[in-house]
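Participant: Dropping the structure in here first, questions after.
The values are calculated or read from the model by the stated rules, or taken from the named source; none is laboratory data. Please read all numbers here as calculations on a predicted model, not as lab measurements. Every residue, glycine among them, receives a Cβ derived from its backbone with ideal geometry; neighbour counts consider all protein chains shown. Keep in mind that these areas ignore ligands, DNA and RNA; they rest on the heavy atoms of the full protein, side chains included. Shrake-Rupley method; radii C 1.70, N 1.55, O 1.52, S 1.80 Å.
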Amino acid sequence: MVIPLTLLALGAVAAVLAPSLLARARWPEREPVVALWVWQCVVAGVLLSFALSMVFSAAAAWQEVRGHVFAPAPRAVVEAYALGADGPWSGALAVLLACGGLWSGAMLTREVRRARARRRRRRAELLVRAPLLPGEEASREPLVLLEGERPDAWWLAGPTPQLVVTTAALRRLKGRQLDAVLAHEQGHARARHDWLLHCSSALATGFPQVPVFAAFRDEMHRLVELAADDSASKRFGRLTIALALVELNEDRGVFGPCPAQDAQLPRRVNRLLTAEPRLTAGRRLRLTAAAALVPVVPLLVAFVPALRTLG
């Protein structure tokens, strides 16, 4: 049972150490897209370690599973894993990890259903506040103007995604600031940030005691906003999107000495205004390649006995 326990230990160590190592890094705010990729690779490596541990534990516990897993493998490869020598703990470990996988799937399904329910509710509220006239068809324009005294703007996902802007926000946003807000939200939509948020929330909700999943959720919420800010600033400039954020949120108390909510907004505005230089292309490439190797490590651990036998 060496391979299953090694994979389990590898996933556990990564789940504990990765958040603290990434929290000490200073480059993610300068390269949020690369940071998103690194976090996804780390979580994928943790999940892959647990999944492979489950497969090998099940193969050690039950002959039927072993036959399917090692069906195309030579007999020498099967003997190299010494699966028949494992004790009764292999079956219990396989069942435990399988339950964890099913629970993750259930949490993701619940998260997606809740998001769809919220979207339907917001569309229904939009129809109440801006009802269609008799014979009028629903608008497919990317921008919807809504009467409102509070400056606000939000992205309404769905088959026909739209940016909803209140009249109060329209009065405050000047020049190209409205276009910058639209570009920010379109950046979320193009990169499918909603799925990153769904997956991270599902893992953090299902396993609240696992440090990497809680940090994954928090960092996804922060980094997707930074990435969308950068996407909009490439077209309209950092100052434009920073001023748009201030105009939309200054009445909510988030820029005071004790912000009541969304404490990340002042940091986002400060980041846009300070405009720290990006990492060099070479360093971005090295970080991307190093992150891509993280899920490869559990695969190498899993196939070491087979490679030794065949080599």
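Participant: Where q = 0.19, 0.26, 0.29 Å⁻¹, what log10 of I(q)/I(0) comes from the Debye formula for the stretch 1-71, counting one point per Cα?
Facilitator: Treating every Cα as an identical point scatterer, log10 I(q)/I(0) equals -0.76, -1.07, -1.18.
Participant: Okay, next question. Which residue, L197, A51, W155, has the largest displacement toward the positive end of the dipole of the chain when charges sit on each Cβ (Lys, Arg +1; Asp, Glu -1)?
Facilitator: Going by the charge dipole, the pick is W155.
Participant: Another question about this same structure. With +1 on each Lys and Arg Cβ and -1 on each Asp and Glu Cβ, and nothing else charged, work out how big the dipole of the stretch 78-237 is about its Cα centre, in Debye to the nearest 20. Don't jump to the answer; show the numbers that get you there.
Facilitator: Working: 23 positive and 18 negative charges, 123 e Å.
Charge dipole, the stretch 78-237, about its Cα centre: 580 debye, nearest 20.
Participant: What Kirkwood hydrodynamic radius do you get for the stretch 115-221 when you take the inverse of the mean 1/r over all pairs of distinct Cα atoms, in Å? Before the final figure, lay out the partial values.
Facilitator: On the way: mean 1/r = 0.0633 Å⁻¹.
Every distinct Cα pair counted, the radius reaches 15.8 Å.
Participant: May I pose another question? Please list the radius of gyration and Dmax for the chain, considering alpha-carbon atoms only, with Å as the unit.
Facilitator: Radius of gyration, then largest Cα-Cα span, for the chain: 24.4, 75 Å.
Participant: Please report the Cα spread of the stretch 169-311 along all three principal axes, rounded to whole Å, starting with the longest.
Facilitator: 71, 36, 27
Participant: How large, in percent, is the carbon and sulfur part of the accessible surface of the chain at a probe radius of 1.4 Å? It would help to have the intermediate numbers written out before the result.
Facilitator: On the way: 10830 of 17410 Å².
The value for the chain is 62 percent carbon and sulfur by accessible area.
Participant: Provide the gained length on full extension for the span F303 to E250, in nm with one decimal, where the gain is 0.36 nm per separating residue minus the Cα-Cα distance.
Facilitator: On the way: separation 53, 0.36 × 53 = 19.08 nm, distance 5.58 nm.
Once the chain is fully extended between F303 and E250, it gains 13.5 nm.
Participant: Grab the other residues whose beta carbon is less than 12 angstrom from that of R283, score K and R as +1, D and E as -1, and report the net. Write out the running numbers ahead of the final one.
Facilitator: On the way: positive: R30, R278, R284, R286; negative: E31.
Within the 12 Å Cβ shell, the charges total +3.
Participant: Here is a further query. So if I place +1 on the C-beta of Lys and Arg and -1 on the C-beta of Asp and Glu, and nothing else carries charge, what would the dipole magnitude of the chain be about its Cα centre? I want it in debye, nearest 20.
Facilitator: On the way: 38 positive and 26 negative charges, 80 e Å.
Computed about the Cα centre, the dipole is about 380 debye.
Participant: What ranking of H188, H68 comes out by heavy-atom accessible area, probe 1.4 Å, highest first? Before the final figure, lay out the partial values.
Facilitator: Working: H188 25, H68 155 Å².
Per-residue accessible area, sorted high to low, gives H68, H188.
Participant: Would you mind computing, in nm to one decimal, how far apart the modelled labels at W62 and V95 are, each placed 7 Å from Cα along Cα→Cβ?
Facilitator: Once both label points are built, they end up 1.1 nm from each other.
Participant: Under a crude label model (7 Å from the Cα following the beta-carbon direction), how far is R150 from A115 in nanometres?
Facilitator: For the pair R150/A115, the computed spacing is 2.4 nm.
Participant: May I pose another question? Find me the longest stretch of the chain that has none of the exposed trypsin sites (Lys or Arg not before Pro), where exposed means in a DSSP loop (not H, G, I, E or B) with at most 13 other Cβ atoms within 10 Å. Show your work: numbers first, answer last.
Facilitator: On the way: sites that count: R26, R140, K174, R192, R278.
Excluding the exposed sites themselves, the longest stretch runs over 27-139.
Participant: Using the charge dipole of the stretch 208-250 (Lys, Arg: +1 at Cβ; Asp, Glu: -1 at Cβ; taken about the Cα centre), state which of L245, P211, S233 has its Cα farthest towards the positive end.
Facilitator: Checking the options against the dipole of the stretch 208-250, the answer is S233.
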